[in-house]
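The values are calculated or read from the model by the stated rules, or taken from the named source; none is laboratory data. Note that the structure is a prediction, hence the values are computed from the model and not measured. Don't worry about glycine lacking a Cβ; one is built from the backbone with ideal geometry, like all the others, and counts go over all protein chains shown.
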Amino acid sequence: TRIYVPRDSSALALGADTLAEAIVQEAARRGQSIELVRNGSRGLLWLEPLVEVQTITGRVGYANVEASDVAALFDAGWLSGGVHARSVGPVDDIPYLKRQQRLTFARLGLTDPLSIDDYLAHEGLVGLRAALAMSGEAACEALIESGLRGRGGAAFPAGIKWRTVQQAKAARKYIVCNADEGDSGTFSDRLAMEGDPFGLIEGMIIAGIATGATQGYLYVRSEYPHAIAMLEAAIAKAREAGWLGERVLGSDHAFELAVAKGAGSYVCGEETALLESLEGKRGIVRAKPPVPALAGLFGQPTVINNVITLATVPVIFARGAACYRDFGMGRSRGTLPFQLAGNIKQGGLVELAFGVTLRELMYDFGGGTASGRPARAVQVGGPLGTYLPESQWDIPMDYEAYAAVGAVVGHGGIVVHDDTSDLAELAQYAMHFCALESCGKCTPCRIGSTRGVEVIERIRTGDAAQKQKQVQLLRDLCDTMVAGSLCAMGGMTPYPVLSALDHFPEDFGLRTVQPN
Ligand code: SF4
């Protein structure tokens, strides 16, 4: 009997290694033959460690399993799907999973992340083989046709970026994967790297073939040691299998890959600071132009895409651009892996087509707050994202619809706060975060963030007259930061600050606030 115990960080943090060992020992003690597979997480993080047993009717799940449960699970006959207090039934039928539209994450949790056989059995390399049969121009056009936009947050059309690199004349071109996932409440990059590294590798190879780049780098944040180890092991296997090297799958294309470890700076998630860091320099934002597609890593044309963007590429080439484009709404095509975090009962990954609402994600999937108290504010798009009040929870998740209310979908991170939250404190923290993480290159961000912390402090503690004066000062400061900052760090910090002020004035001791 095959038993799956996830090896993803969330399961490991909850004792999955000890649990796996306990299962092997208990089976041996009972003389029962099992095959233990260390799969990726299914993304239902509140159920981890989620152990699955392969039965004749499919994979049956047992949630939140501890080593101390193992003997009782054997007693309950779990090897044939026996019922126990930890049972959650057939895993594919869990509504949280069943109602998703998994394209990027189609393999997540189903496979052993380091098994090439598993990968090939689940649509692996179908996209790469299709791309190898196309010209570089045609491959870039196919990506444009799919409507895929950068999933790191900026939402720039990925195919246009690829075409710019493809058309650039240079002796050397690069593919850089931005895996510096630093946004609060986000973990989809990590799940992709730990749960399906071959998918990301395949996406990067396709990017190389399409654009003529022969070297790829994965820039992974140092806080993700398991992802780094997984990628390094997967790259070694891919190289052994002939996917990398002088002749990719026996073709005339060459492509190599290497992992580079970040050093803990949030701003290195900004593409040009990332390139500086990758070149061995201090991670400071570069002024644009030139764009990295023309002068990126070591001054050469460079595709720099987020993990999810690149991990989505194989399914687009495997199933066709039109198939991917059929999902979504407006100019937001395809799916987005939303990440439910913060004060939420059922935290995890929910991949759905654009158009779903925050309310559906929070309640139909998330099950409401973990505290059981009413939800009050939701921050979407990381620490620089807007706080959305309940009146905005029915807006469809779409880049343009969110932009119309001054919000951002970003990397799809959703952090829920209940009615005990203090939005003035959170607004002040946003400025403090900016002060901590600012690279220091431009004045509005470097100085403005520190002044912002002070101004919000005066609003929170001042008398009525002082509050009004300081609110105006805060608005002027935010205007300057938005208009005058070189990158999104300083340019977007006002988003959480002003949304907190506009939608939750009572937390600042104000009855109403006149929006600008
Ligand atoms: Fe650096 Fe902040 Fe200016 Fe960005 S906005 S370049 S992080 S100082």
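Numerical summary
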{"item": "3 or more residues farther than 24 Å from residue 382 by Cα and away from the ligand (no atom under 16 Å from the Cβ): qualifying helices (runs of 4 or more DSSP H) within region 446-516", "result": "448-461, 464-484"}
{"item": "Sole exception among (1) touching a strand residue (DSSP E or B) at 6+ places or on another chain (Cβ under 7 Å); (2) surrounded by fewer than 18 Cβ atoms within 10 Å (Cβ to Cβ); (3) of a type in the set (Lys, Arg) for residue 129, by number", "result": "(1)"}
{"item": "Which numbered condition residue 267 misses (of (1) more than 21 Å from residue 166 (Cα to Cα); (2) among the β-branched types (Val, Ile, Thr); (3) in contact with a strand residue (DSSP E or B) (Cβ under 6 Å, 6 or more places away or on another chain))", "result": "(3)"}
{"item": "Identity of the residue in region 75-98, under 29 Å from the mean Cα position of the chain (by Cα), more than 16 Å from residue 5 (Cα to Cα) and among the hydrophobic types (A, V, I, L, M, F, W, C), that ends up surrounded by the fewest Cβ atoms within 10 Å (Cβ to Cβ)", "result": "94"}
{"item": "Filter result (farther than 20 Å from residue 509 by Cα and touching a residue at least 24 places away in the same chain (Cβ under 8 Å)) within region 425-435", "result": "433, 434"}
{"item": "Which listed residue is charged (D, E, K, R) and under 22 Å from residue 12 (Cα atoms), from 102, 86", "result": "86"}
{"item": "The lone exception for residue 443 - which of (1) closer than 27 Å to residue 305 by Cα; (2) within 16 Å of the ligand (Cβ to nearest atom) it fails", "result": "(1)"}
{"item": "Filter result for residue 226 (surrounded by fewer than 22 Cβ atoms within 10 Å (Cβ to Cβ), touching a residue at least 12 places away in the same chain (Cβ under 8 Å) and within 18 Å of the chain's Cα centre (by Cα))", "result": "yes"}
{"item": "Selection count where residues are surrounded by fewer than 19 Cβ atoms within 10 Å (Cβ to Cβ) and touching a Leu at 6+ places or on another chain (Cβ under 8 Å), scope region 240-252", "result": "3"}
{"item": "Selection count where residues are out of contact with any Gly (no Cβ under 8 Å at 6 or more places or on another chain) and in a loop (DSSP other than H, G, I, E, B), scope region 5-18", "result": "3"}
{"item": "Matching helices (runs of 4 or more DSSP H) fully within region 221-328 where at least 3 residues are within 16 Å of the ligand (Cβ to nearest atom)", "result": "271-278"}
{"item": "Search result, residues across region 406-435 that are surrounded by fewer than 21 Cβ atoms within 10 Å (Cβ to Cβ), more than 11 Å from the ligand (Cβ to nearest atom) and over 30 Å from residue 352 (Cβ atoms)", "result": "422, 425, 432"}
{"item": "Entirely in region 348-424, the strands (runs of 3 or more DSSP E) that have 3 or more residues that are within 20 Å of residue 308 (Cβ to Cβ) and within 20 Å of the chain's Cα centre (by Cα)", "result": "348-353, 413-418"}
{"item": "Any chance residue 438 is away from the ligand (no atom under 16 Å from the Cβ), over 16 Å from residue 336 (Cβ atoms), modelled with pLDDT of 95 or more and not aliphatic (A, V, I, L, M)", "result": "no"}
{"item": "Answer from 138, 170, 158 - the residue that is surrounded by 23 or more Cβ atoms within 10 Å (Cβ to Cβ) and either closer than 13 Å to residue 303 by Cα or at pLDDT 95 or above (or both)", "result": "158"}
